[in-house]
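The values are calculated or read from the model by the stated rules, or taken from the named source; none is laboratory data. Small disclaimer: the values here were computed from a predicted structure and weren't measured. With ideal geometry, Cβ positions are generated from the backbone for all residues, glycine too; neighbour counts draw on all protein chains shown.
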Amino acid sequence: MSNQNYIIRAGSVNPVSETAAKQYSEIKPPVSDLGPITSEGVNFKIRTGFNNLKTDLPFSVSLSSNIVDFGVLSPTNPIVRTVDLSTNALGVYGYSIIVFEDKPLTATTSNSKIFIPDTTCDKGICGVESSAEWINTLTYGFGYRCDDMIGISCDDSFARPNYYKHFPNLASNDDPQPVVSGVNSSDKAARISYKVNISGDQAQGNYENTVTYIGIPNF
Amino acid sequence: MKIPLPISVYQTFSLMHKVLSIKYLQNIKLLSFFILTALYLLLNTAQVHAQELSLSVNPPITVINAISPTNTTSIISIKNNSDTQVALQIQIKPFKAKGENGELEYPNEALPILKNIQITDDNTPVESITLGPKQEKNLSLNIDISQDLTTSDYYFSVMFVSTNHASVGSNSSINQLGIATNVLLSVGQKEIPKAILQEFSTGIFFEAGPVPFTVRLKNTGDHIIEPTGEIIVKNMFGQSIGKLNLKEVNILTDSTRAIPSELEDNPSSFKQPVALLKEGFLLGLYSATLNLSLSDEGPIFVRTIYFFAFPFQSIIIIVIIAIIIIMVKNKIKQYANKDRISV
């Protein structure tokens, strides 16, 4: 266990449970630092890591900010805010990052039925999987798009500019969707743009939701 | 004539005192207002600063073959790469294959062996952990494979998801970041693998390389398979011009996977992986033979396909160059003959 200030090294770590340890027969050290690493015991065999990939390279994901603040919303004045999503996936065969929201942007007042609906874009055809153009300032709602910054990892549906989707909504039983994916590679980065636009009828107040990104290595 | 009387010193001081007192009182009121406002803001809103979130996990995959009864333990290392403390919730979710490239999806189903799985930190079961800045922690994944556990495969992800309950106090989205590591658990005696080679194909005709081969294998057995194989490409004279080692990928039970070549990491073929023969110049009839072994004990699939290559573009260029050369030669000859005649 370690951090910036200290490192604790265990003298010996027994990687098997007490019961299994009694039956434990052999741990094969890796021949090289390429995977997989195998360990065996009575009645079980464990392999970790991928064939021919370095085992000391962890799978990493980063998000530039834990908050996207839209500030004050005014009708027909779209607000776009961004966060950067990056990955380091040299130790895996491929990966994807799935995304979902817990609910639409919802008023923080006691009346939780007031919300900014998820966008369906200009022609009312974009959703959680399919994207569509959203440039009309009279089209209201909350949505997102993905732009590649380093390498190519954004979903193909964002290839055209101003094409948006809306986040899968867990409260509506939507399935989480991949926002970026790719093969094993280092330092991929994408910019996620959140866009919100309200109508003049939208009730005054603060609106909030939670958006979750989960990095998943391929199997 | 009336001469205005000068204001006495006392009067002056008295007036100044009054003015200053009013200003002082006003200042006090103003100051009180600011202090109270600041206190109100401090007490009624959480102090929120935008923070980076960054997580790493290792290993990204753990494959366990076990025969009941036994207990298995493997290590999962999770690291907070950011400069701030992060609280992580641990979730265990079953998954299944999505598509044919190793991507996965999470169905709305419960994992039947969830009660047999435990994540422990120093032998203490945990459902959440807190990591300090740059802190790394080794957790144990313990699976109790009891005798009553059905002989089957169980595929699940162990997820670490940050929790963020901060309220900004304005219109905002709160972001959470998670990371997963996958576990492929096979319980029961290893059987002879069963699979169907659904496709081994390429185009019929190519002008030039590279040549993509599609290899799709469906696992119809009860346990995960990890086939090994190669594609050997020969020209019409029987000479080997290329050997493609196939990537050793995991194929989940009752799923199909497209198998790429070992060094094939082309982002464009991410969704539809292919084995790529990177030979540029090709001419004539070629054969490609796939040897695919489902395990060390077999069975082995052997299949041969053919394709034809003719570099039309190159040939046309060569022919044009040849024609130009012949024309130039003829012209030179004609001039030479004219010279001789004139002489």
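Quick look at the values:
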{"read-out": "Test for B:Ala50: is it modelled with pLDDT under 95, touching a strand residue (DSSP E or B) at 6+ places or on another chain (Cβ under 6 Å) and either exposed (fewer than 11 other Cβ atoms within 10 Å of the Cβ) or not in a helix (DSSP H, G or I) (or both)", "value": "yes"}
{"read-out": "Filter result for B:Asp144 (free of Cβ contacts under 8 Å to residues at least 40 places away in the same chain, of a type outside the set (A, V, I, L, M, F, W, C) and either out of contact with any helix residue (DSSP H, G or I) (no Cβ under 7 Å at 6 or more places or on another chain) or not assigned by TED's automatic domain parsing to the domain that holds B:Ser269 (or both))", "value": "no"}
{"read-out": "Candidates B:Leu177, B:Leu197, B:Leu185, filtered to the one that is of a type in the set (A, V, I, L, M, F, W, C), under 17 Å from B:Asn101 (Cα atoms) and not in a loop (DSSP other than H, G, I, E, B)", "value": "B:Leu197"}
{"read-out": "Subset of the stretch B:304-315 [under 23 Å from B:Gly238 (Cα atoms) and either among the small types (Gly, Ala, Ser) or within 32 Å of the chain's Cα centre (by Cα) (or both)]", "value": "B:Ala309"}
{"read-out": "Filter result for the condition that a residue is aromatic (Phe, Trp, Tyr) and over 30 Å from the mean Cα position of the chain (by Cα), over B:Phe160, B:Phe206, B:Phe156, B:Phe200", "value": "B:Phe206"}
{"read-out": "Exclusive hit being crowded, with 17+ Cβ neighbours inside 10 Å and on the phi > 0 side of the Ramachandran plot, set B:Gly188, B:Gly221, B:Gly238, B:Gly178", "value": "B:Gly188"}
{"read-out": "Filter pass, A:Asn209 being among the polar types (S, T, N, Q), more than 20 Å from A:Ser96 (Cβ to Cβ) and within 12 Å of chain B (Cβ to nearest Cβ)", "value": "yes"}
{"read-out": "Residues satisfying the stated conditions in the stretch B:313-326, i.e. closer than 30 Å to B:Thr214 by Cα and surrounded by 11 or more Cβ atoms within 10 Å (Cβ to Cβ)", "value": "B:Ser314, B:Ile315"}
{"read-out": "Check on A:Phe142, in contact (Cβ under 8 Å) with a residue 12 or more places away in the chain, assigned to a loop (DSSP other than H, G, I, E, B) and buried (at least 20 other Cβ atoms within 10 Å of the Cβ)", "value": "no"}
{"read-out": "Members of the stretch A:162-189 found to be outside any loop (DSSP other than H, G, I, E, B) and touching a helix residue (DSSP H, G or I) at 6+ places or on another chain (Cβ under 9 Å), listed by number", "value": "A:Tyr163, A:Tyr164, A:Lys165, A:Val179, A:Gly182, A:Val183"}
{"read-out": "Single match in A:Val83, A:Val99 (criterion: more than 9 Å from every other protein chain (Cβ to nearest Cβ), at pLDDT 95 or above and surrounded by 15 or more Cβ atoms within 10 Å (Cβ to Cβ))", "value": "A:Val99"}
{"read-out": "Yes/no for A:Ser181 being under 17 Å from the mean Cα position of the chain (by Cα), surrounded by 15 or more Cβ atoms within 10 Å (Cβ to Cβ) and more than 11 Å from chain B (Cβ to nearest Cβ)", "value": "no"}
{"read-out": "Segments classed as strands (runs of 3 or more DSSP E), wholly inside the stretch A:28-118, with at least 3 members that are more than 22 Å from A:Ile216 (Cα to Cα) and assigned by TED's automatic domain parsing to the domain that holds A:Gln177", "value": "A:67-71, A:79-88, A:105-107"}
{"read-out": "Out of B:Ile61, B:Ile113, B:Ile117, B:Ile67, sole residue that is facing chain A (nearest Cβ under 7 Å) and surrounded by fewer than 21 Cβ atoms within 10 Å (Cβ to Cβ)", "value": "B:Ile67"}
{"read-out": "Every residue from the stretch A:102-134 that is of a type in the set (S, T, N, Q) and surrounded by fewer than 16 Cβ atoms within 10 Å (Cβ to Cβ)", "value": "A:Thr109, A:Ser110, A:Asn111, A:Ser112, A:Ser130"}
{"read-out": "Scope the stretch B:147-195; condition aliphatic (A, V, I, L, M), in contact (Cβ under 8 Å) with a residue 60 or more places away in the chain and within 30 Å of A:Asn197 (Cα to Cα); matching residues", "value": "B:Val161, B:Ala166, B:Val168, B:Leu177"}
{"read-out": "Test for B:Glu105: is it surrounded by fewer than 17 Cβ atoms within 10 Å (Cβ to Cβ), of a type outside the set (Val, Ile, Thr) and within 9 Å of another protein chain (Cβ to nearest Cβ)", "value": "yes"}
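To keep it simple, each residue is scored yes or no on (1) more than 7 Å from chain B (Cβ to nearest Cβ); (2) within 30 Å of A:Asp122 (Cβ to Cβ); (3) surrounded by fewer than 18 Cβ atoms within 10 Å (Cβ to Cβ); (4) at pLDDT below 95.
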residue: A:Gly35; (1), (2), (3), (4): yes, no, no, yes
residue: A:Asn43; (1), (2), (3), (4): no, no, yes, yes
residue: A:Gly49; (1), (2), (3), (4): no, no, no, yes
residue: A:Phe70; (1), (2), (3), (4): no, yes, no, no
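Residue by residue, here is whether (1) out of contact with any strand residue (DSSP E or B) (no Cβ under 7 Å at 6 or more places or on another chain); (2) assigned to a helix (DSSP H, G or I); (3) within 9 Å of chain A (Cβ to nearest Cβ) holds:
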residue	(1), (2), (3)
B:Thr73	no, no, yes
B:Ser82	no, no, yes
B:Glu100	no, no, no
B:Thr130	no, no, no
B:Asp153	no, no, no
B:Asn164	no, no, yes
B:Gly169	yes, no, yes
B:Ser173	no, no, yes
